[in-house]
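Step one of this worksheet: look at the structure below.
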Amino acid sequence: MGQKALETWVGFFILLAIAGLVMLAFQVSNLTRYQGKRTYDVTAQFDNIGDLKVRAPVTMAGVKVGQVASIALDPKNYRATVILRMDNTAHYIPNDSEASILTAGLLGANYISLTPGFADQFLKNGDVISETHSAIILEQMIGQLLFSVNKDKTAGSDSDNANKTPN
Amino acid sequence: MITFVQKVGRLGLSICTELGRASFFLSKSVWRKPRTGKKLHLLAHALFNSGVLSLPIIIVSALFIGMVVGLQGFNILNKFAVTSALGSMVALSVVRELGPVVTALLFAGRAGSALTAEIGLMKATEQLDAMEMMGVDPLGRIMLPRLLGGFISLPLLTIIFCAVAIYGGNLIGVQWLGVDAGAFWNNMQSSVDFRLDVMNGIIKSAVFGVVITWMAVYQGASAVPTAEGISHATTRTVVYSSLIVLGLDFVLTAMMMGGW
């Protein structure tokens, strides 16, 4: 094989590898997903964020409008401070919107859902979402349910007794 | 008892000498005055031998490994009705582990053994000595391009392996078993991180490339110059480099998982 054919093959090999790397970067991994997009940051405080993770999606009416940039514990009031990185394309969100942490599916990952408010002012960089709803913790809910069922039972028998005693 | 201790000591000493010799060999071959331009055709030749000629086996085995991971993953995930996670499962297992390790093992068998046999035969037929007599340094002329060729080819082959294997998983999962294409690619993108998963896989394969090529070239250069010696050296290359790849893979993975 001549030197020219050999070099052509080597060039083909290197180009193939570059094409593979491009595919791994753009199609397989999240490299370019949020870079180049202009964003603005909004803060929201929650009593309990449940299983929320960094990079979880932020949605409005099911449409993705941003992602969770960071999660930290506020040292003063012991609430979770979540910074939402919103896409600039969604710049028209009223600043009295509510943020709630929901779960995708029964056991799926948590995400933040925004419910639009009625204000004329839009959210902008550095704003704080004051109206928030915590994550629903399945175990707590089951516990409360059991507790309230028991309480109903005992309350019912108590009131029966209370009704009976005067007579 | 004393003889046993003595044997252990001799083994330890010989391992140390061998390691030292191999290190000197590597540093003498690689750290030299750069003379780019003139010797590039030698590097092209080495890249052709260890890279291009390994392409068919890499592509074919990548396709089949991707397909089998897709099939196995589909059967497991189907039990939990989360076949939409097939994409992330295929991509993560291929990019993190299967890609670097399987490519390295195939490379050791395909290119490493060829390197050892070639250099060993050069030594047995006294070509290396003849070269030295003519005033040509065999370390620069023979070893360096082959070492560099191996260092460069293995990461490139790993990238190609990963891309083809993921395509194979897509072929089985989406085209044959009917997983939703959008869910397949979208879940893959949201769970694969470029730096943590893809780059770490490539770093692993770069380390494997250095180890395998070093082992292969050194074994060839230090082979006993007989037919039997070359066959032993070739066997040692494949066995040792496979073992080292598997062991190093564990160490590297532990380091990367530990947030290094």
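Worth pointing out:
- Residues that are free of Cβ contacts under 8 Å to residues at least 40 places away in the same chain and part of a helix (DSSP H, G or I) occur at least once in the range B:93-111.
- The residues listed here are B:Gly73, B:Gly112, B:Gly87; of these, the one that is among the small types (Gly, Ala, Ser), within 27 Å of B:Ser241 (Cβ to Cβ) and buried (at least 19 other Cβ atoms within 10 Å of the Cβ) is B:Gly112.
- Filtered residue count, the range B:177-205, keeping only those that are away from chain A (no Cβ under 13 Å) and modelled with pLDDT of 90 or more: 2
- When we screen B:Arg32, B:Arg10 for residues that are over 30 Å from B:Ile142 (Cβ atoms) and either modelled with pLDDT of 90 or more or more than 14 Å from every other protein chain (Cβ to nearest Cβ) (or both), the only hit is B:Arg10.
- The range A:116-132, residues that are outside any loop (DSSP other than H, G, I, E, B) and more than 15 Å from A:Met86 (Cβ to Cβ): A:Thr132
- Members of the range A:61-92 found to be of a type in the set (A, V, I, L, M), in a strand (DSSP E or B) and surrounded by fewer than 18 Cβ atoms within 10 Å (Cβ to Cβ), listed by number: A:Val63, A:Ile71, A:Ala72, A:Leu73, A:Ile83
The values are calculated or read from the model by the stated rules, or taken from the named source; none is laboratory data. This one's a predicted model, so the numbers in the text were calculated from it and none came from an experiment. No Cβ is skipped: glycine too gets one built from the backbone with ideal geometry, and neighbour counts run over all protein chains shown.
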